[in-house]
Amino acid sequence: MNRDLAALITLGKQAYAEKDFRRAETLLREAMAGGANYPDIHYTLGIICHHGGKLEEAAREFERSIAQNPGYTEALMSLAITLNELGRYEEAKTAHRKAAASLTRQGKMERGNQFAGKIANLHAELGELYLALGRNGEAIAEYRKALLVAPGFPDLRVRLAIALKEAGHLEEGLAELDRALSDRPGMVSALAQRGILLYLLGRRSEAREAWENALFRDPLNKLVQLYLNTLDREAGRG
């Protein structure tokens, strides 16, 4: 690499670090025009495009980065997020799987597996995609994989409980919420979902108790208030 290209790349990355994205893009594209065709440059341009709302262009830059370095985890993760935002769910799931595989390979080389949280998040995001597509069984499987990697994340148990609810497994969902609340007593999202499951199981008084507990902890939670209002209307009709 000649000095001029190296200087352009250095200045471009410096501008990016300073969040001067317009200048960073100009400098990095000038470097590319001069022959600096590197994965990290494409990745940085992808981030800049994503930040500017140019999602299709961002996806192309991430894909170019991955084409040169198939194990570029950050580019795979960014591509998955971008494709999801574009509604290209199947492609997003493929990118997620590749990112998870890449993180797993890296994690095996790290003492204590520093990447466990990232792997768990990838499985959780893939679960979200499956849930959005109505593929509840696959969503449940991904959330369970996430919990195998990071069993101490109660937020994941709440998401698993939602997927179990959507699949009609209400008692299993309730058990996951109880475990989440055991790990984090007073967790509002878990209490709200617990109320929903109890309501669906016909256990109205227990549902009210869960929602009142949630509202006590988060008095401005309009959704929980709506649930309680529904119970009040039902009681009035009774």
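The values are calculated or read from the model by the stated rules, or taken from the named source; none is laboratory data. On a predicted model such as this, the values are computed, not experimentally measured, just so you know. Quick reminder, even Gly has a Cβ in these numbers, built from the backbone with ideal geometry, and neighbours come from all protein chains shown. Just so you know, the surface numbers come from the protein's heavy atoms only, side chains and all, with ligands and any DNA or RNA stripped out. Shrake-Rupley method; radii C 1.70, N 1.55, O 1.52, S 1.80 Å.
State which residue is nearest to Arg88 (Cα to Cα) when the search covers only the stretch 128-171 and only residues that are in contact with a Gly (Cβ under 7 Å, 6 or more places away or on another chain) and either of a type in the set (S, T, N, Q) or outside any helix (DSSP H, G or I) (or both).
Within the stretch 128-171, the match that is nearest to Arg88 (Cα to Cα) is Ala167.
Determine whether the stretch 107-121 contains at least one residue that is modelled with pLDDT of 85 or more and open to solvent by 60 Å² or more (accessible area, probe 1.4 Å).
no
Looking only at the stretch 197-224, filter to residues that are more than 22 Å from Leu170 (Cα to Cα) and assigned to a helix (DSSP H, G or I); which one of those is least open to solvent (accessible area, probe 1.4 Å)?
Per the stated criteria, the residue is Leu215.
Within the stretch 153-175, how many residues are over 17 Å from the mean Cα position of the chain (by Cα) and open to solvent by 20 Å² or more (accessible area, probe 1.4 Å)?
Summing the residues that are over 17 Å from the mean Cα position of the chain (by Cα) and open to solvent by 20 Å² or more (accessible area, probe 1.4 Å) in the stretch 153-175 gives 9.
Among helices (runs of 4 or more DSSP H) lying entirely in the stretch 1-95, which contain 2 or more residues that are touching a helix residue (DSSP H, G or I) at 6+ places or on another chain (Cβ under 7 Å), open to solvent by 70 Å² or more (accessible area, probe 1.4 Å) and closer than 25 Å to Leu126 by Cβ?
55-68, 73-85
On the basis of being in a helix (DSSP H, G or I), open to solvent by 40 Å² or more (accessible area, probe 1.4 Å) and among the charged types (D, E, K, R), does Arg194 make the cut?
Yes, satisfied.
Test each condition in (1) open to solvent by less than 90 Å² (accessible area, probe 1.4 Å); (2) outside any helix (DSSP H, G or I) for Pro185 and report the one that comes out false.
(1)
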